[in-house]
Amino acid sequence: MRHFVLQRLLQMVVTLAIVAILVFAFSELLPGDIGRAMLGRFATPDQVLRLNHELGADRPLVERFVDWATHFAAGDWGTSQLLDTPVQSLVVDRLANSLLLSVVALIVVVPLSILAGLMAGVNENGLVDRFVTVVGLSMTVIPEFVSGVVLLVIFAVALHILPVTAQAPQGSGLGTRIEYLILPSLPLVFELFGYIARMARATTLAVVEAPYYRTAILKGLPRRRILTHHVLRNSLPASVTVVAAQFGYLVGGLVVVERLFNYPGIGKLLLDSAVHHDIRVVEACALTLAVLIMVANLVADVSYGVLNPRVRYAGR
Amino acid sequence: MSELLSISESSGSRSAAALYYVRILMRSRTFLVGGVVVVFWLLAAAAWPFIVPYDPQAVAPFDAFSPPNAVHWLGTDQLGRDVFSRVLAGSTSVLAIAPAATVLAVFAGSLIGLVAGYYGGIADDLLMRFVDAQLAFPGLITAVMVLGLLGPSELNMILLIAIFFTPLVARVARSSVLGEREKDYIGAARMRGERSPYVMFIEILPNITGPIVVEGTVRLGYAVFTAATLSFLGLGLQPPSPDWGRTVSEQANYLQDAPWALLGPAVALATLVVGVNLLADGLRRAVRE
Amino acid sequence: MTTVTRAGELARDPVLLVSRLNASYKRRGLWLHTLKDVSLDIRAGEALGLVGESGCGKSTLAFAIMRYLGRNGRIDSGQITLGGVDLLSLNDERLREARGRDLAMVYQEPGSALNPSMRVGEQIAEVFRFQTGSSSREAQNRTREMLRTVLLPDPDGMMKRYPHQLSGGQQQRVVIAMALACNPKLLILDEPTTGLDASVEAEVLDLIGALRRDFDSAILFISHNLGLVARACERVGILYAGRLVEEGPAGQVFDTPAHPYTLGLLRCVPRLGLAKDSSRLEPIPGSLPALGSDVLGCSYAPRCPLARERCHTERPELLPVAEQRAAECFYSSEVSSIPLSVTPAMAPSGPTQDDHRPLLGLMRIRKAYGAVTACNDVTIEVGRGEIFGLVGESGSGKTTLARVAAGLAEADSGEVIFNGDPVARKVGKRRRTLQRALQMVFQSPDSTLNPAHSGRFVLQRAIDRLRGSRDVGDLASMVRMDVDQLGVRTTQLSGGQKQRVAIARAFAGSPELVLCDEPVSALDVSVQAAILNLLADLQVSQNVAYVFISHDLAVVRYLSDRIGVMYLGELFEVGSAEQVFAPPHHPYTEALVSAIPSLGPRGTRGRIRLTGEMPDPARPPSGCRFNTRCPRKLGVICEREAPPWQEAGPGHVLRCHISPTILQSLQHPTGGIEPSGAPTDTALTSDLGA
């Protein structure tokens, strides 16, 4: 078991290194001449040269990478060219906002979708099952901005129940802030519900079709006992893993939702800084998100190992 | 082991088997519904110049913000342009980008998955590292970064989407190959001295097309999803293109004044992606039989 | 409908009574009539064996009784009564109570029948807690007791383990413990030993036999193996295409069958002691009727040697033929006089006089997969035109050895020699002439042919690559197949047909040696016979040698000229078929032979049992690998030193610390000494007990 965790950790470190290199490479190379990209068309070649020198863009790539990586690890993330603020505080601030939004979405979607998937799997072709398969499928596939827009029109414009923006007025309490976040969280909920519910359904079906489910029934065990100890115990680990693995898609959804609702989260920050070539911010956002996603995947893997006796007690 | 009768037992040739598949597909309601929707949009994309009631770009300031009525079925936007026509015309971009990217991804992914699954070893490890990295960094984020930094363009979008979907197709191909590789008929082929290319393409490939086709169709749905989302984020086609994603992004500013201009392209997009996924679902069921 | 009565047993009513049961299964939207008018009864403490080939409906019957046919199955008509209670009319709650308490089942693959996430002890305790209302502590105690009853060592430790930490035999014991926990009125065993090694199978059967003394459940024992049923059951029922065609006491039914199908089955199974030179297997002509088809007249008529006009138009009922016996045939009295078909016994094979050079030599082959040494220093020589049988249980290394010979696996050390020359390890690097000369037939008919290709494509490709001189039509007739059947995709073919194509493929280039890895294990008994006959005939007509691998000793004995016995990666005995199967032979061989369930009288052969479990292949025992289970273990020497090869006769060698002369006197059928520690026999066994 310990070997398992160590192996995963090592893989994560390697992947992180690769990601860091790629992020750096993209950010530094793609815009072409950085100085020019930042100053625009009308700057003189001299100004561009000076800015490049300031930014250190004229040094060899590897040197720049090492420099950047060491600074980053130490906590010095540079300064935003656009907003003239330290990148770290900017990113942390925005990240907090995004986390709040994510938590609102996750608290709703996770229990709901796992439960729905379980019920669907246990009663194949029943009402819940039909709902999960057909509707769930559609929900996953509809882009967040589409569902967001439709929801906005219905709830904010037509019915006037929920606010149009996502950001509560300054100084509002947690409750109000959450109220403002309901609408933006819904597209995320839809997106994740479909996928998680269908996965939970699939693992539950696999359990129900397994011979040991038949054994449990033919032992004459009460239905509740079968559901908790025979079905849930075997389908939950896989479902939990799926949830944790959704982080990547969640982040993607954040970018869209934050853009649509103009919410100052890390997704919007990434988008804006990429479009405006604010290199340091782009790098910081990308790397932070990568780390978060990787940690979530690691937690998913490890929790699966813990919950599955075959992995926990590998070998006789 | 018992004698199972099958519809195409009598002829058993390739075409009869294909016919069998088509019969199963036709029986599936999901497949048919999805098929109808997709065909509708394909026709719209191809033939919109002939069927639009108004020129999608025609500006008519005095007609701005009119709600849906008999003249403008979906109303007009802030510039008085007919929303219905713009919706029809907007189908082209998504339907040009998404299939192109998907086809690329399927070809590349199948090849890579086939080779990695067959040979194993380093090629395989490399592929799996790639897939892991892909999971760590979802395509959308990278696309945002790259397109933002490079500048939006249709070609870049196609390439990016293709690049991100290739490992996913490869993974499906690879695991199918792994399932077939240990089977005895492969051993029998080796004992005849068959070379690797023969084994990969003549022995293994015909048996893994099913899962690849299903994955490809699913990818198509996500390609539409991704292309539209990127346009929405401003990283795709630029105005005044009636591209759906772009339009939604633009019209969001006029949410209170002309919600119909917003809903038109949004719902159109929703129907297309759902249609494609219903197709995929139907295919998946047929393949399982 | 008269049930078969039992004279002198009027006081005991049947516990299980099944009357005219009809059941159907839905497949691809069509309802197939799977069980037709089946009636049977079982008394308390009595065991009824139910025998049939695939698709005959035996599993359907078991699940119908448990009322677990699922959405795809339904009971059309009939009655099932258990202890006077009508099972079919029970509501859900009463049914739930009956299951586990009055009716219990033991399954085919014990590994997958156990919840992988729950400790074994808890899975047994559950039955006590929920069916008898025991408290948690009571349940634990009773579980411990059950574990002891099924002879599992260290009950406390065992209770805490998870199923994947147990061996196959141990898992099955746990399943049996769960089933017998509440002393059910009826115990159904659905192929309980399929998938278990021969030595483990014997132990499990012994256990069931022993348990029958303590529990008086009525037993329904389902199997496709006639020998098993003969050994374990008092009465037997034969199912054919969903109908019960014969029923009666096991000994009588197998001795003098009253239905042509029963006779057919008996004649196509290789029985221990028979070899191809003395007798021939008789496959049943024709094929099983399509699943669920309802024919006019007797369903067996198309294949029956006794069939007359009446048989094709009128369906026979289950008619009594003697006391306590019944059969569904108008002409049951004539069954015993059906002659064997007049094909001569086959010409004996073996190396021709002039060429004694071995054709294939596997010299000191060593192959490891990670920590597991699949083959450890194995040497075998096969002569021209000879059939060399290789036997062993799972983990013995026989398949690995075959794959090394085939070039599909590379040995870590050792050489493969063909016709005197060493050959490349990887088959791709071997010369074309060698690839032609050395071919293989694989085990599973479903994976041996590419499902996307047609039979014709497969054969034509083989002919082209191997520069065969025959064409597809010739090959087809060689394996007795219709050329038309080759036009379809291979998935449309039956198991037997697929193997025929696979055999034709192997023979496409006129090989000199064919490796046969369990070629008939996955086939129905009646099809097995046909394929075995085909293999035997081809061997003679084409003058090829075989390395014939199987875990079924009777089959190996039937076909082989010489035999090698492997255990845990090492070769322990080699000799001619007669030599290996009779004393003096290696104690492992002795135990394997003794474990074979046979149809005939047990004779003077006692029952040798192996103790313990198959060791972990990654950590084989030191010294003699067999020492941990050997019933004739000498002592410490067996743990310290690997045993030497000793000559037990001309061309017969074995590896044991006991000398062959001593083995001879220990193992001799009369006056021999049973190894001590053998478990006591049940009433069904022969007189020579421990």
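Residue-wise test of (1) buried (at least 22 other Cβ atoms within 10 Å of the Cβ); (2) assigned to a helix (DSSP H, G or I).
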site	(1), (2)
A:T228	no, yes
A:V240	no, yes
A:G252	yes, yes
A:V256	yes, yes
A:L260	yes, yes
A:Y263	yes, no
A:A274	yes, yes
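Residue-wise test of (1) within 14 Å of chain A (Cβ to nearest Cβ); (2) modelled with pLDDT of 90 or more; (3) in a helix (DSSP H, G or I).
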{"position": "C:Q172", "(1), (2), (3)": "yes, yes, yes"}
{"position": "C:A177", "(1), (2), (3)": "yes, yes, yes"}
{"position": "C:L196", "(1), (2), (3)": "no, no, no"}
{"position": "C:A202", "(1), (2), (3)": "no, no, yes"}
{"position": "C:L244", "(1), (2), (3)": "no, yes, no"}
{"position": "C:G248", "(1), (2), (3)": "no, yes, no"}
{"position": "C:R271", "(1), (2), (3)": "no, no, no"}
{"position": "C:D277", "(1), (2), (3)": "no, no, no"}
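If you check A:I196 against the conditions, is it among the hydrophobic types (A, V, I, L, M, F, W, C), away from every other protein chain (no Cβ under 12 Å) and over 24 Å from the mean Cα position of the chain (by Cα)? Considered against the rule, which asks whether it is among the hydrophobic types (A, V, I, L, M, F, W, C), away from every other protein chain (no Cβ under 12 Å) and over 24 Å from the mean Cα position of the chain (by Cα), A:I196 comes out as no.
When B:S66 is tested against the conditions (1) in contact with a strand residue (DSSP E or B) (Cβ under 9 Å, 6 or more places away or on another chain); (2) part of a helix (DSSP H, G or I), the lone failure is (2). Taken over the stretch C:205-242, the criterion of being in a strand (DSSP E or B), within 17 Å of C:M105 (Cα to Cα) and either under 20 Å from the mean Cα position of the chain (by Cα) or not assigned by TED's automatic domain parsing to the domain that holds C:A64 (or both) is satisfied by C:L220, C:F221, C:I222, C:S223.
The listed residues are A:V141, A:V132, A:V128, and the only one of them that is more than 11 Å from every other protein chain (Cβ to nearest Cβ) and touching a Gly at 6+ places or on another chain (Cβ under 7 Å) turns out to be A:V132. Quick one: is A:V5 outside any loop (DSSP other than H, G, I, E, B) and either at pLDDT 80 or above or surrounded by fewer than 16 Cβ atoms within 10 Å (Cβ to Cβ) (or both)? It is true that A:V5 is outside any loop (DSSP other than H, G, I, E, B) and either at pLDDT 80 or above or surrounded by fewer than 16 Cβ atoms within 10 Å (Cβ to Cβ) (or both).
Among the residues that make up the stretch C:482-491, is at least one of them touching an Asp or Glu at 6+ places or on another chain (Cβ under 6 Å), part of a helix (DSSP H, G or I) and modelled with pLDDT under 90? The answer is no; no qualifying residue exists. When B:V273, B:V199 are screened for being more than 30 Å from C:L515 (Cβ to Cβ) and not polar (S, T, N, Q), only B:V273 passes.
Inspection of the stretch C:127-144 finds no residue satisfying the criterion of being surrounded by fewer than 22 Cβ atoms within 10 Å (Cβ to Cβ), under 30 Å from C:C56 (Cα atoms) and either among the basic types (K, R) or touching a helix residue (DSSP H, G or I) at 6+ places or on another chain (Cβ under 7 Å) (or both). Among the conditions (1) farther than 26 Å from B:S231 by Cα; (2) within 13 Å of chain B (Cβ to nearest Cβ); (3) not hydrophobic (A, V, I, L, M, F, W, C), A:Q170 misses just one, which is (2).
One residue is enough: does the stretch C:391-406 have a residue meeting the conditions in contact with a His (Cβ under 9 Å, 6 or more places away or on another chain), surrounded by fewer than 24 Cβ atoms within 10 Å (Cβ to Cβ) and modelled with pLDDT under 90? Checked the stretch C:391-406: at least one residue is in contact with a His (Cβ under 9 Å, 6 or more places away or on another chain), surrounded by fewer than 24 Cβ atoms within 10 Å (Cβ to Cβ) and modelled with pLDDT under 90.
Please go through the stretch A:105-127 and give me each residue that is surrounded by fewer than 20 Cβ atoms within 10 Å (Cβ to Cβ) and either among the aromatic types (F, W, Y) or in a helix (DSSP H, G or I) (or both), ordered by number.
Those that are surrounded by fewer than 20 Cβ atoms within 10 Å (Cβ to Cβ) and either among the aromatic types (F, W, Y) or in a helix (DSSP H, G or I) (or both): A:L106, A:I107, A:V108, A:V110, A:P111, A:L112, A:L115, A:L127.
A single member of C:P597, C:P519 is within 30 Å of C:V51 (Cβ to Cβ), touching a Leu at 6+ places or on another chain (Cβ under 9 Å), outside the structural domain of C:A409 (by TED's automatic domain parsing) and not hydrophobic (A, V, I, L, M, F, W, C), and it is C:P597.
With respect to (1) at pLDDT 90 or above; (2) over 29 Å from the mean Cα position of the chain (by Cα); (3) closer than 30 Å to C:K276 by Cα; (4) not charged (D, E, K, R), the lone exception for C:I658 is condition (3). Selection over the stretch C:385-437 of residues that are under 28 Å from the mean Cα position of the chain (by Cα) and within 14 Å of chain B (Cβ to nearest Cβ) gives a count of 9. Of all the criteria given as (1) in the same structural domain as A:G194 (by TED's automatic domain parsing); (2) farther than 20 Å from A:A245 by Cβ, the one not satisfied by A:G78 is (1).
Matching residues to (1) over 26 Å from C:T193 (Cβ atoms); (2) assigned by TED's automatic domain parsing to the domain that holds C:L30; (3) in contact with a Pro (Cβ under 6 Å, 6 or more places away or on another chain):
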{"site": "C:N72", "(1), (2), (3)": "yes, yes, no"}
{"site": "C:G84", "(1), (2), (3)": "yes, yes, no"}
{"site": "C:Q140", "(1), (2), (3)": "yes, no, no"}
{"site": "C:L147", "(1), (2), (3)": "no, no, yes"}
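Do we find that B:G117 is more than 8 Å from chain A (Cβ to nearest Cβ), assigned to a helix (DSSP H, G or I) and either of a type outside the set (F, W, Y) or surrounded by 21 or more Cβ atoms within 10 Å (Cβ to Cβ) (or both) in this structure? It is true that B:G117 is more than 8 Å from chain A (Cβ to nearest Cβ), assigned to a helix (DSSP H, G or I) and either of a type outside the set (F, W, Y) or surrounded by 21 or more Cβ atoms within 10 Å (Cβ to Cβ) (or both).
Counting only strands (runs of 3 or more DSSP E) that fall entirely inside the stretch C:32-122 and contain at least 2 residues that are at pLDDT 90 or above and farther than 22 Å from C:R173 by Cβ, the qualifying elements are C:47-51, C:73-82. Tell me, please, whether a residue that is modelled with pLDDT of 85 or more, surrounded by fewer than 21 Cβ atoms within 10 Å (Cβ to Cβ) and acidic (D, E) can be found in the stretch B:129-140. No, the stretch B:129-140 has no match at all. In the set (1) more than 12 Å from chain C (Cβ to nearest Cβ); (2) in contact with an Asp or Glu (Cβ under 9 Å, 6 or more places away or on another chain); (3) without any contact (Cβ under 8 Å) to a residue 60 or more places away in the chain; (4) not in a loop (DSSP other than H, G, I, E, B), the condition left unmet by A:V150 is number (2).
Annotation for the stretch B:60-81: at least one member residue is loosely packed, with under 14 Cβ neighbours inside 10 Å and under 24 Å from B:A270 (Cβ atoms).
Residues in the stretch B:139-191 that are outside any helix (DSSP H, G or I) and of a type outside the set (G, A, S) were compared, and the one that is nearest to the other protein chains (Cβ to nearest Cβ) is B:K183. Residues of the stretch C:464-491 that are crowded, with 18+ Cβ neighbours inside 10 Å and either away from every other protein chain (no Cβ under 11 Å) or in contact with a Lys or Arg (Cβ under 7 Å, 6 or more places away or on another chain) (or both): C:R465, C:L466, C:V472, C:L475, C:A476, C:M478, C:V479, C:M481, C:L486, C:T490. So, in the stretch C:635-655, how many residues would count as being part of a loop (DSSP other than H, G, I, E, B) and either at pLDDT 90 or above or within 32 Å of the chain's Cα centre (by Cα) (or both)? Summing the residues that are part of a loop (DSSP other than H, G, I, E, B) and either at pLDDT 90 or above or within 32 Å of the chain's Cα centre (by Cα) (or both) in the stretch C:635-655 gives 6.
The values are calculated or read from the model by the stated rules, or taken from the named source; none is laboratory data. Predicted, not measured: the structure shown is a model, and the values here were computed from it. So basically every Cβ, Gly included, is an ideal-geometry build from the backbone, and we count neighbours across all protein chains shown.
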